[in-house]
Each structure stands twice: as structure tokens, then as C-alpha cells.
Amino acid sequence: MNSGPALVSILRQGDTLVASVHTALDDSEMVRFQNDLVRQIGEYRARGVIIDVAALDVIDSFASRTLQTIADIARLRGAVTVIVGIQPEVAFAMVRLGMGMGEVATALDLEEGMAHLAGLRGSGARRE
Amino acid sequence: MTPAPAREEPEDADGAAHVADLMPMLRRIVAARVGQHPAAEDIVQETLLRVLTAEDRIEPGMLEPYAITTVRNVIATMWRKQDRDARNQHRVHDPSEPEDAEELVVASEEQSAISVALSRLADRERQILLAHEVSGRATQSLADETGSTAGAVAAQLKRTRARMRVEYVLALEGVEPPTDRCRPVLLALSSADRRRQREVDAPRHLLECEVCARLSEPLMGRGPVRTDEIHVPIGADPDIVAARQAARELASRAGFTGTDLTMLATAVSEVARNIVRFASSGEVSIELLDRPRAGIRVVARDTGPGIGDLDRALEDGFSTYNGLGLGLPGSRRLMDEFDITSEPGQGTTVSMTKWIDRKG
Ligand SMILES: [Zn+2]
């Protein structure tokens with residue numbers, strides 16, 4: 001159950017999990033990442049999840065879909081997910097492809113993502 | 001052995017005349033060693049062909065010594081083989097010289113493959129090839145004889161050499177091509193003719209035909225190494241990433257930047273995934289274009305079940321896996337040109353092009 005230190009790291013900061021994708025992932029690695037993250041959300045009773053995808057040079061239909069799935073599962077388990085660091089070219093290609101992030105919250109970078117989660121907590125909201 | 005005669009000016013720019021000049025000397029050497037042996041003339045021809053193939057690497061003035069060494073080797077090989085065959089009539093296995101024996105078998109197989117290949121050429125092809133390369137007739141002189149031009153004769157010689165290589169490789173491997181399409185494909189590869197390779201859809205045939213896939217390596221190995229085209233075999237998840245990274249690398253070398261690069265890589269990712277999901281194996285080829293303007297062409301081929309309803313496959317949201325149907329229509333939106341053909345039971349080919357001077 002280890003996605004390997006080089007590909008992805010998942011760190012705990014209080015009740016928030018910060019997952020950073022460090023390099024391009026193939027589909028199987030993406031699924032493994034999803035499973036690891038979902039498991040840790042339960043294990044640490046996380047309230048917030050930040051996924052940093054700044055290192056990804058392509059987010060294709062499968063990657064978009066997997067990120068959305070992670071957010072859906074996290075929500076069902078009581079955690080809010082924010083995707084941060086989508087590069088401008090990647091965002092453009094995702095729109096052309098017809099793949100947005102749907103209902104999933106996004107932020108420019110890690111700091112903004114943290115601020116977003118803090119804002120939700122401050123207002124007592126538990127939605128994205 | 002007479003000393004090397006004063007060198008005459010070659011009749012022909014490629015120096016074939018010099019190789020042919022070796023013939024009388026070789027005949028004398030062979031006659032002195034094997035007499036009227038039935039293989040005498042074969043030895044001479046074999047030597048000439050070997051010298052011809054090595055000609056580019058031979059120092060000026062060294063052609064004659066090289067030919068003499070070669071003819072001795074050819075004769076020695078023949079004697080040793082006959083000797084071995086005689087001994088092997090009594091002994092199945094001779095442990096005294098195992099490696100040497102193997103070498104001899106290889107040498108004699110190559111030799112007979114050359115003869116087989118020559119015999120499979122059309123009579124006229126063989127006559128012109130031998131007249132030029134063995135008898136040293138200049139292309140101009142051959143052209144005069146047939147009322148043709150030197151350029152046309154040179155072009156025909158080039159085709160004949162390409163055919164000769166195909167037949168040589170087939171004879172060496174001891175295989176008969178399994179389909180009618182094999183020889184045209186192998187010939188297009190052997191002659192490094194890209195237009196012809198496209199016409200006969202060589203890349204698809206290599207996916208479908210195991211024999212040609214195997215033979216293509218020695219044939220293509222003779223051509224110049226292509227730096228403007230990459231083929232990525234697709235069989236599993238990691239190949240999807242490999243294909244899009246290869247496309248990105250080639251495209252950025254060609255001058256693609258920023259958003260165009262990302263759109264291209266994303267589209268490649270989608271079509272490569274279709275191969276993994278629906279066909280299980282295939283390839284993605286990425287080729288730089290310079291006409292009508294700078295661009296990049298991506299062709300994804302598979303040998304899968306094919307797509308029954310193409311129109312539906314191109315609609316957003318249609319998919320037979322994962323509830324996700326953006327692969328094909330999404331790729332079409334990411335690229336400038338998009339074309340798909342699919343044959344049930346035969347496989348699918350997606351061709352897409354992106355031009356470079358259009359800023360996204
Ligand atoms: Zn074939």
C-alpha cells in the first residue's frame with residue numbers, strides 16, 4: 001500500500017491532508033493514489049484535503065475523473081477537497097477537452113487552498 | 001600475383017568499374033585453387049558481392065588486396081564446410097570446434113541467401129544489376145542501350161537493390177511472406193520510401209503481421225536514423241504516459257510551445273488510452289511535418305475489435321468504459337485535424353494533426 005516516495009507524498013497538517021503529486025502518474029498509479037488518499041482520510045479523520053497538482057503537465061480525462069472521484073468520496077466521508085496548482089496551459093487543455101473540475105473546489109496554490117479551507121471552517125460550513 | 005595495375009579513371013562516379021576490373025584476377029585465383037570445381041564461378045560472384053558491400057569502407061588503393069583476402073576466405077569457407085559435412089556424415093556432434101562450425105554455417109547461409117535473392121529478381125532487374133555492379137557498366141551506357149536516361153537507370157538500380165535486400169532477408173530467415181501485402185510493405189521499408197510506406201500503410205501491417213515486424217528491423221536498420229518520427233508501442237498504462245511525453249518532446253523540438261504542447265500531449269494521452277482500454281495493443285506514431293507547413297501528426301493504430309458506430313463514438317459522453325466518453329471528441333477539439341477509420345474485427349486508426357503557427 002505504498003505509492004512510492006517519488007511519485008506522491010501525503011502529509012498531515014492538523015486535520016488536513018496535503019497530497020502532492022510530484023510527477024506524471026499513469027492510470028494505475030493514479031488509482032493507487034486515490035486508494036491511499038481515501039484510506040488516510042478515514043485513518044486520520046481528516047476534515048480537509050488539499051491535492052497539489054502543480055507538477056502535472058497533463059490532466060487528461062482519466063486524471064480529471066479520478067480527482068473528482070477522490071473529492072466525491074472524501075465528501076461522503078466528511079472532508080472537503082481543494083485541488084490546487086493547476087497550470088494555466090493544463091487548465092486551457094482541460095476546458096478544450098470538455099473536462100472541468102465539476103463541483104470540486106480549486107485554488108491557485110497551496111496557500112490559497114489552505115485559506116479556502118480555513119474560510120469554510122470559520123463560517124462553520126461543511127460544503128465545498 | 002601480379003602487382004596492382006595502374007589505376008584507370010572510373011567510368012562511373014560510384015567506382016563500380018573498379019570492382020568489375022577485379023574479375024579476371026579473381027577468376028585466376030579461384031581457378032588456381034579449386035580448378036574446374038562447379039562452384040568456381042559462384043565463388044567469384046560471392047567475392048564480388050562482398051567487396052561491393054564493403055566498398056565504401058575500403059581505403060583507396062586497397063580494393064585489390066581486400067578482394068584477394070576475401071576470395072581466399074570464401075574458398076576456405078567452402079572447403080571447411082565440405083570437410084565438415086563429410087565428417088558429420090559419421091559424427092553428429094563434433095566438440096573440437098563448436099564456435100567455428102557455427103560461424104561456418106552462418107557464412108554459408110548468407111552465401112546461399114544471396115544466390116536465392118538474385119534468383120528471385122526479375123530477369124531484367126538481375127541483368128541490369130549485374131551489368132552495373134559486377135561487369136561495371138556505367139549507368140549512362142546502360143541507358144543508351146535501352147533508350148533510357150542515366151537518371152532512370154540509377155533509379156531502377158536503387159529499386160532493384162531494395163528488392164534484393166528484401167529477398168535476401170526473406171531467404172536468410174527462410175520464410176515465405178504470409179500475405180500479399182507483405183512484399184510491397186517490405187519493399188517500401190527497404191527503399192526507405194516514406195510516401196510509399198504511407199500508401200501501403202506499412203505501420204499498420206507491421207502491427208498485424210508478425211513476420212514483417214521481425215524482418216523490418218534488419219531492413220530499416222540500413223536506412224538513415226529518423227529523428228523526426230517516433231513510434232511508441234502501446235500495451236499498458238505506462239505506455240500512455242510514454243506516448244504523450246514522446247509527443248511533447250518531439251513537438252517542443254519542432255517549436256511548439258505552451259498551450260499547444262499541452263493540448264497535443266493531452267490528445268495523445270486520450271488516443272493512447274483508447275488503445276489500452278479497447279484494443280489492448282497497438283502503437284502511437286508521432287511525426288513532424290514540414291508541408292504544407294510546420295506541424296505534427298499523431299497516428300494511433302490498434303488491432304482491436306474496431307468501433308461499430310463511429311458517429312456515436314465521436315459524441316460527447318459516449319463510451320463503453322468507465323462512463324467517460326471524452327477521449328475521441330475531446331481529442332478532436334484539442335487538435336486541428338482529426339480523422340478516424342475503423343474496421344470491425346480489424347482495428348482502428350486515428351490520425352490527428354496540429355499545425356504550429358496557430359496560437360491557441
Ligand atoms: Zn507481412
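None of the figures in this text is laboratory data; all of them are computed from the coordinates on show. Owing to the predicted nature of the structure, the values given are computational and were not obtained by experimental measurement. Cβ atoms come from the backbone with ideal geometry, glycine included; neighbour counts cover every protein chain shown.
All other residues with a Cβ under 14 Å from the Cβ of A:Gly42 taken together, and with Lys, Arg as +1 and Asp, Glu as -1, what is their net charge? So the environment of A:Gly42 carries a net charge of +3. For region B:217-282, the relative contact order is 41 percent, taking Cα pairs closer than 8 Å that sit 6 or more residues apart in sequence and dividing their mean separation by the residue count. The mean sequence distance of close C-alpha pairs (under 8 Å, at least 6 residues apart), as a share of the length of chain A, puts its relative contact order at 22 percent. The HN-Hα couplings worked out from phi for region B:195-207 by the Karplus form 6.51 cos²θ - 1.76 cosθ + 1.60 (θ = phi - 60°) are 5, 5, 4, 5, 4, 8, 6, 4, x, 5, 4, 5, 6 Hz, whole numbers, x standing for Gly and Pro.
In what sequence do A:Tyr44, B:Tyr168 fall when counting other Cβ within 10 Å, fewest first?
Details: A:Tyr44 15, B:Tyr168 21.
Ascending Cβ contact count within 10 Å gives the list A:Tyr44, B:Tyr168.
Nearest 0.05, what FRET efficiency do B:Glu173 and A:Arg39 give at R0 = 60 Å with Cβ-Cβ as r?
Values: r = 53 Å, r/R0 = 0.89.
It comes to 0.65.
For the pair A:Ser123 and B:Glu229, label points projected 7 Å from Cα toward Cβ lie 5.8 nm apart.
Between B:Val116 and B:Glu343, what length comes free when the chain is fully extended (0.36 nm per residue of separation minus the Cα-Cα distance, one decimal in nm)? Each step should come with its number before you reach the end.
Working: separation 227, 0.36 × 227 = 81.72 nm, distance 3.77 nm.
That pair, B:Val116 and B:Glu343, stretches by 77.9 nm at full extension.
If we sort A:114-122, B:200-208 on the protection proxy, mean other Cβ atoms within 10 Å, highest first, what's the order?
Numbers: A:114-122: 15.2, B:200-208: 19.7.
Order by mean packing, descending: B:200-208, A:114-122.
Straightening the chain between B:Ser252 and B:Thr146 buys 33.1 nm, computed as 0.36 nm per residue apart minus the Cα-Cα spacing. Among A:Thr81, B:Thr139, the ranking by other beta carbons within 10 Å of each residue's beta carbon, starting with the fewest, stands as B:Thr139, A:Thr81. A crude spin-label estimate for the pair B:Asn73 and B:Arg159, with each label 7 Å from Cα along the Cβ direction, gives 3.4 nm. This model, with +1 at the C-beta of Lys and Arg and -1 at the C-beta of Asp and Glu, gives chain A a dipole about its Cα centre of some 620 debye. Measuring max minus min along each principal axis, the C-alpha atoms of chain A give extents of 36, 31, 23 Å (largest first).
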